[in-house]
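*Asks:* Please find one structure pasted underneath; my questions will follow.
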Amino acid sequence: MFISILRTALTIVFFALPVSGAFSLKSKLLKLANIKLGKHVSYCGGGALYGRGLISIGDETWISPRSVFHSNIAAAIHIGSRCDIGPSVSFIPGSHEIGTSFRRAGSGVARDIFVGDGVWIGAGCLILGGVTIGEGSVIAAGAVVTKDIPPNTLAGGVPCRMIRKLN
């Protein structure tokens, strides 16, 4: 419970800090909120950190403004090293099974999200639980990632699909 409250408080604090600056201070605060950070992570803030689930971010990764992490105690969010996460990207590991007609949002489920090293995720993407984005891939702006993306792939669309392989 404490971690959830602390993460919510940090969301407010980050609005008061410069968007493209104070990265060392932001990293220290994120670590206090039990977020596993590599070296030289640049977290811009202006987004939100929800829940108390595991969030890990690798070395030299850039998290643009307004990115949102809906962490879930039952599923982790892992972002690799040297990744670039565009503005307004959302990571949502939790969802629901389809229920009966009485209430379609049935039992809650949560699945891990894995983003490989060197991935670039464009602005406004939605990354859902149960997906792995392979290393070296590019996810085009506005994509909704519902299935695994192979390494070194350019992918985009709603739902996200492979556009072409990258060298």
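*Asks:* Among the residues of segment 18-41, is any over 15 Å from the mean Cα position of the chain (by Cα), small (Gly, Ala, Ser) and over 25 Å from residue 117 (Cβ atoms)?
*Replies:* Yes: segment 18-41 contains one or more residues that are over 15 Å from the mean Cα position of the chain (by Cα), small (Gly, Ala, Ser) and over 25 Å from residue 117 (Cβ atoms).
*Asks:* Being aliphatic (A, V, I, L, M) and buried (at least 20 other Cβ atoms within 10 Å of the Cβ) narrows it down to one residue among 30, 25, 17, 54; which is it?
*Replies:* Going through 30, 25, 17, 54 in turn, the sole match is 30.
*Asks:* If residue 11 passes every condition in (1) of a type outside the set (Lys, Arg); (2) surrounded by 14 or more Cβ atoms within 10 Å (Cβ to Cβ); (3) closer than 22 Å to residue 81 by Cα but one, which one does it miss?
*Replies:* (3)
*Asks:* Scan segment 96-106 and give yes if some residue there is modelled with pLDDT of 95 or more, closer than 22 Å to residue 7 by Cα and open to solvent by 20 Å² or more (accessible area, probe 1.4 Å), otherwise no.
*Replies:* No, segment 96-106 contains no residue that is modelled with pLDDT of 95 or more, closer than 22 Å to residue 7 by Cα and open to solvent by 20 Å² or more (accessible area, probe 1.4 Å).
*Asks:* Mind telling me which of the residues 138, 145, 109 ends up being under 13 Å from the mean Cα position of the chain (by Cα) and among the β-branched types (Val, Ile, Thr)?
*Replies:* 145
*Asks:* Restrict the check to segment 97-106 and report whether at least one residue is out of contact with any Pro (no Cβ under 6 Å at 6 or more places or on another chain), part of a loop (DSSP other than H, G, I, E, B) and closer than 19 Å to residue 78 by Cβ.
*Replies:* For segment 97-106, residues out of contact with any Pro (no Cβ under 6 Å at 6 or more places or on another chain), part of a loop (DSSP other than H, G, I, E, B) and closer than 19 Å to residue 78 by Cβ: absent.
*Asks:* Checking residue 139 against (1) open to solvent by less than 30 Å² (accessible area, probe 1.4 Å); (2) in contact with a Pro (Cβ under 7 Å, 6 or more places away or on another chain), only one condition comes out false. Which one?
*Replies:* Of the numbered conditions (1) open to solvent by less than 30 Å² (accessible area, probe 1.4 Å); (2) in contact with a Pro (Cβ under 7 Å, 6 or more places away or on another chain), the odd one out for residue 139 is (2).
*Asks:* When you scan segment 1-22, how many residues do you find that are assigned to a helix (DSSP H, G or I) and under 15 Å from residue 66 (Cα atoms)?
*Replies:* Looking only at that region, the number is 9.
The values are calculated or read from the model by the stated rules, or taken from the named source; none is laboratory data. It should be emphasised that the depicted structure is a prediction, and the values quoted were computed from it without experimental measurement. Cβ coordinates were reconstructed from backbone atoms using ideal geometry, including for glycine residues, and neighbour counts include every protein chain displayed. The protein model used for the area step is the full one, side chains on, heavy atoms only, and it has no ligands, DNA or RNA in it. Shrake-Rupley method; radii C 1.70, N 1.55, O 1.52, S 1.80 Å.
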